[in-house]
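The values are calculated or read from the model by the stated rules, or taken from the named source; none is laboratory data. Everything quoted here is computed from the prediction, not taken from an experiment. Positions of Cβ are backbone-derived with ideal geometry, glycine not excepted, and every protein chain shown enters the neighbour counts. Accessible surface areas use protein heavy atoms only, side chains included; no ligands, DNA or RNA. Shrake-Rupley method; radii C 1.70, N 1.55, O 1.52, S 1.80 Å.
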Amino acid sequence: QVQLVESGGGLAQAGGPLRLSCVASGLRFSQYAIGWFRQAPGKEREFVAAFSQSGGSKSYADSVNDRFTISRDNAKNTVYLQMNSLQPEDTAVYCCAASGAYIFREERSVDYWGQGTQVTVSS
């Protein structure tokens, strides 16, 4: 049974940092692309960032590029999302996602989802 368990969400001040973690189990972690989506209240879920299977490529949404950094530790089956310079518009539920594709940006490529962790940014 595949499980993706996120942690690290919470309340942050605008301009501040927050780091999310996602621990995967039940799959060969290094063989999956891994990343994050988010869904704000009243909005559709959107892609945030992803790391390729091999770890050689990263992809970011334009809205978070230069502020967020994705990393993965295959030895710990964990992916991280370091979020800096947070803005109120970053408030959302952040979901971890795993895909058998080389890398992904779209929901239809995702094979497994985490439950999500709430991030709230106050101004």
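When the Karplus curve 6.51 cos²θ - 1.76 cosθ + 1.60 is applied with θ = phi - 60°, which whole-Hz ³J(HN,Hα) does each residue of the stretch 81-93 get, with x for Gly and Pro?
10, 8, 10, 10, 6, 5, 10, x, 6, 7, 4, 4, 8
Listed highest first by mean packing, meaning other Cβ atoms within 10 Å per residue, what order do 55-68, 94-107, 75-88 come in?
With the highest mean Cβ count within 10 Å placed first, the list reads 94-107, 75-88, 55-68.
Calculate the dipole size of the chain relative to its Cα centre from +1 charges on Lys and Arg beta carbons and -1 charges on Asp and Glu beta carbons; express the result in debye to the nearest 20.
280
Could you tell me which Cys residues in the chain have no other cysteine's Cβ under 4.7 Å from their own Cβ, answering none if every one has a partner?
Cys95
Would you mind telling me the share, in percent, of accessible area of the chain contributed by carbon and sulfur at probe 1.4 angstrom?
Roughly 43 percent of what the probe reaches on the chain is carbon or sulfur.
What percent does the relative contact order of the stretch 6-118 come to when contacts are Cα pairs within less than 8 Å and at least six residues apart?
Contact order relative to length: 34 percent.
Using a 1.4 angstrom probe with every protein chain in place, what is the largest-first accessible-area order of Arg45, Arg38, Arg19, Arg28?
These residues rank, largest area first, as Arg28, Arg19, Arg45, Arg38.
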